[in-house]
Amino acid sequence: MSRKYEDRIQELLNKMTLQEKVGQLRQCGPSLVGAFEVSFEELLDMMFDGRITQEEFARLMGTAKQDFREDDLRDGRIGSYNGIGDAATANRLQKIAVTETRLGIPLLFGYDVIHGFRTVTPIPLAESCAWEPELWERTGRMAAEEATAAGVHMTFAPMVDVSKDARWGRISEGAGEDTLLAGLYGAAKVRGFQGDDLSAADSMAACVKHFAAYGAAEAGRDYNRVDMSMQRLWEEYLPPYKACIEAGARAIMPAFNDINGVPCSVNEWLLKEVLREKWGFDGMTVSDANAIAECVNHGVARDRAEAAALALEAGMDMDMTSEVYIENLEKLVTEGQVKEESLDRAVADILRIKFELGLFDHPYRTDEERQSRAMLKPKYRSLAREAAVKSMVLLKNDAASGEMLLPLDKSKKIAVFGELASSKSEMTGAWAIGAEGNDCVSLTEALEAEGILFTYTEGICNGKVDRGAIEENAANADVLLIAMGEHKEESGEAASRADISIPEVQMKLLEALAAFSKPVVVLLFNGRPLTLSRVHEKATAVLEAWHPGVEAGNALVDILYGKENPSGKLTATFPFASGQCPMYYAHMNTGRPGGKSKFTSKYLDTPLEPVYPFGYGLSYTSYEYRDLKIEKKEKAFLVSVYVKNVGSRAGEEIVQCYVQDKAAKRVRPVKLLKAFDKVRLEAGEEKQVCFTVPFEELGYYDWNMKYVVEDGEFVFYVGKNSSDCLNASVILERSERR
Ligand code: GLC
């Protein structure tokens, strides 16, 4: 822990009253007070339990004014706000805190800057398909430059919840199913958000979330229980949070879920033993929205007061919007039910991040003039376009003639179908709260701008396929493009789906178009893996575009017309059927690995293999791998392979290196990603790609939770995706282990 501010923190603590200490732990959301004079939260409840309709809710929201509780602020009873994305409001409130409270302690402004602030980049699941930490850091830096101009000090990101279940809507917010990728993604974002100097006006603190293992919610149902062995928790789910802490993240958000029965918000083992003692974290913890109060629902606290006491003693510093701290902590401390030193520790964590952000010396880090100049700069748009191109994954590209259908020739007459092709706002995806849909370029706008001759038909009217509208346009075109997938509300928080297939009405549109026996290009806009076997069968080409952000249309045109060669590769498995979830590449072999004979691990009604495996993605060129070699040096395996571009145009290939421990004291995954490299190859060019895999990284936790690296046989798989690899086996001798 850096001792740089400890004296100033202690000096302040000595001056603070109990009320002022508790006030620092309170984070308020801008409570929207509707015409009923009720809080935004109560208005939501009224809508959810049917006391008001959605239309009434929207109308009331329209009449709502934002209640920032200024009187509480003046009394030193607020330490932070969530969700204020404009410099004027932030500065107005900061001025009250700095000039009208007794001690002038500045406010901390948090915001969900998940994938861009105003220049919205592809959703994280999409961007993770670029397999490019340097890109992830650059887009993180861009987000920080825009968000801090709007008064943001801390972002509730990166989200690094490993998720192996596509039913979970929040798989869209992270880097998919793999532990290594999630850690690299999160660490790159932390570097991008925080920059080299956290006190710089364009740096914002990273708040890593959701700690921990939220992505393992049972049955993919949001907020559901998480129950797993300690071995699995440590091997598969905790490492990405640790990687972010090691990258310097200054805040962390415990998750809504329990772990083995103890909600993260009150989980002392997680928040003290792991986070503070094992990992040496000295930043601040902030709850998820209302999460402390919800420990009553979980059934671990009798009432709100007990929830407050449990959370503070467990190591939760700040209460996001539940109000249980401000309601109860003064009394709990006065009555000795909570130790004042626990309160002081939480206050110190919050003061520390405020010092590190430079807020005591520069409480006004931005102003309206800077904000007005900061958004949607051309260089930001071009970065968003680059990120969108690199996030897109070519899943199929055939043609009857055996040639590739894509890229298209501009002389081809195309007909475009589906509302997602012309939608702007849907392109932002989930958690783009600082965005304006109008900022997005739709596919149809980009085609027009490119001078492409095309017709456009939504093709679905009142929930039915509009065959009349289709006939003429499809009949007169050479190639048919159909936009399919999900609306942005169908992924993200509270958006679990038990059935992850494409809506039947969209399938009927696809089938209607396929009946014209012309090449059909399916463009997918979605926030999670979907079950696409029927789409794959009907389509000539399939391009996964995800929710690609403000430059959606331009990035699509760049790929469709060959200006860019797609290089993205999936970071989450696309199952054949929803019933296979959770389905992931790093699975165990079992004693009867799925195969032809009946008594093996498989389903009667579904193929063994996914439609698209982890790491899969095509290119407009092709690559051949040869000469996989494994050597040993300096406590590590040196893995090398030759990769040749055997096609007619340059491209970037993501070379993946997996390993399998053939015999261990606990079963090990059939493959585990240990390294990857993205290499650019000109047509005809060949390169040797090398990886170093330290013996130490081949370990696992044994039955007694001891981390062991054992001798024995390891098989390395190196290739273009988790199913298509060269392999070579090697023996690690007992004498060679660590
Ligand atoms: C939400 C989300 C969390 C977000 C927080 C603040 O409920 O779970 O990811 O950062 O509230 O908006």
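Just so you know, all these numbers are worked out from the coordinates, no wet-lab data involved. In this text, all values refer to a predicted model and were calculated from it rather than measured experimentally. Quick reminder, even Gly has a Cβ in these numbers, built from the backbone with ideal geometry, and neighbours come from all protein chains shown.
May I ask you to sort 729, 411, 601 by Cβ crowding, counting other Cβ atoms within 10 Å and putting the fewest first?
Ordered from fewest to most neighbouring Cβ atoms within 10 Å, 729, 411, 601 come out as 411, 729, 601.
Which values, in whole Å and largest first, are the semi-axes of the equivalent ellipsoid of segment 639-713 obtained as the square root of 5 times each eigenvalue of the Cα gyration tensor?
35, 10, 9
Neighbour counts of other C-beta atoms within 10 Å: give me 179, 148, 692, 121 arranged from fewest to most.
On the way: 179 20, 148 29, 692 14, 121 33.
Arranged by neighbour count, lowest to highest, 179, 148, 692, 121 become 692, 179, 148, 121.
Take the Cα atoms of the chain, find their three principal axes, and give me the spread along each one in whole Å, biggest first.
Computed over the Cα atoms, the extents are 79, 70, 46 Å.
Rounded, prolate or oblate for segment 553-712? Axes are the square roots of the Cα gyration tensor eigenvalues, ordered a ≥ b ≥ c, and the cut-off for rounded is a/c under 1.5.
Oblate is the answer for segment 553-712, as a/c is 1.5 or above yet b/c matches or exceeds a/b.
Which listed residue (234, 505, 463) has the Cα farthest towards the positive end of the charge dipole for the chain, taking +1 on Lys and Arg C-beta and -1 on Asp and Glu C-beta about the Cα centre?
234
Give me the distance in nm between label points sitting 7 Å out from Cα along the Cα-to-Cβ direction at residue 462 and residue 15, one decimal.
7.0
Suppose the chain between residue 3 and residue 609 were pulled fully straight at 0.36 nm per residue; how much longer would it get relative to their current alpha carbon spacing?
Separation in residues times 0.36 nm, less the Cα-Cα distance, equals 212.8 nm.
Evaluate the distance, in nm, between pseudo-label points positioned 7 Å from the Cα of residue 666 and of residue 704 along their respective Cα→Cβ axes.
Between residue 666 and residue 704, the label points sit 1.4 nm apart.
Quick one: net charge of residue 368's neighbours, Cβ under 12 Å, K/R +1, D/E -1?
Numbers: positive: 92, 370, 373; negative: 86, 367, 369.
Counting the neighbours of residue 368, the net charge comes to 0.
Among 690, 581, which comes first, second and so on when ranked by fewest other beta-carbon atoms within 10 Å? Mind showing how you got there, number by number?
Values: 690 15, 581 21.
The fewest-first ordering by Cβ neighbours comes to 690, 581.
When the chain is fully extended, how far beyond the present Cα-Cα distance does residue 726 get from residue 49, taking 0.36 nm per residue of separation?
That pair, residue 726 and residue 49, stretches by 238.1 nm at full extension.
Please give the helix 6-15 orientation as an angle from the longest Cα principal axis of the chain, in degrees from 0 to 90, rounded to the nearest 10.
Approximately 50 degrees, to the nearest ten.
Report the relative contact order of the chain, percent, no decimals, based on alpha-carbon pairs under 8 angstrom and at least 6 residues apart. Walk me through the numbers on the way to the answer.
Working: 1772 pairs, mean separation 94.5, N = 738.
It comes to 13 percent, rounded to a whole number.
So if I take the centroid of the Cα atoms in segment 379-423 and the same for segment 291-313, what is the distance between those two points in Å?
Taking the Cα centre of segment 291-313 as reference, the centre of segment 379-423 is 50 Å away.
First measure r as the distance between the Cβ atoms of residue 339 and residue 102, then evaluate 1/(1 + (r/R0)^6) with R0 = 30 Å and state the FRET efficiency to the nearest 0.05.
Details: r = 24 Å, r/R0 = 0.81.
My answer for the efficiency is 0.80.
Pull out the extension gain between residue 601 and residue 379, defined as 0.36 nm times the separation in residues minus the alpha carbon to alpha carbon distance; nm, one decimal.
Full extension of this stretch gives 74.8 nm more.
Taking amide H positions as placed 1.01 Å from N in the peptide plane, with prolines and chain starts having none, which residues 5 or more places from residue 674, or on another chain, fall under 5 Å of its amide H?
Those lying under 5 Å, H to H, from residue 674 are 657, 658, 659.
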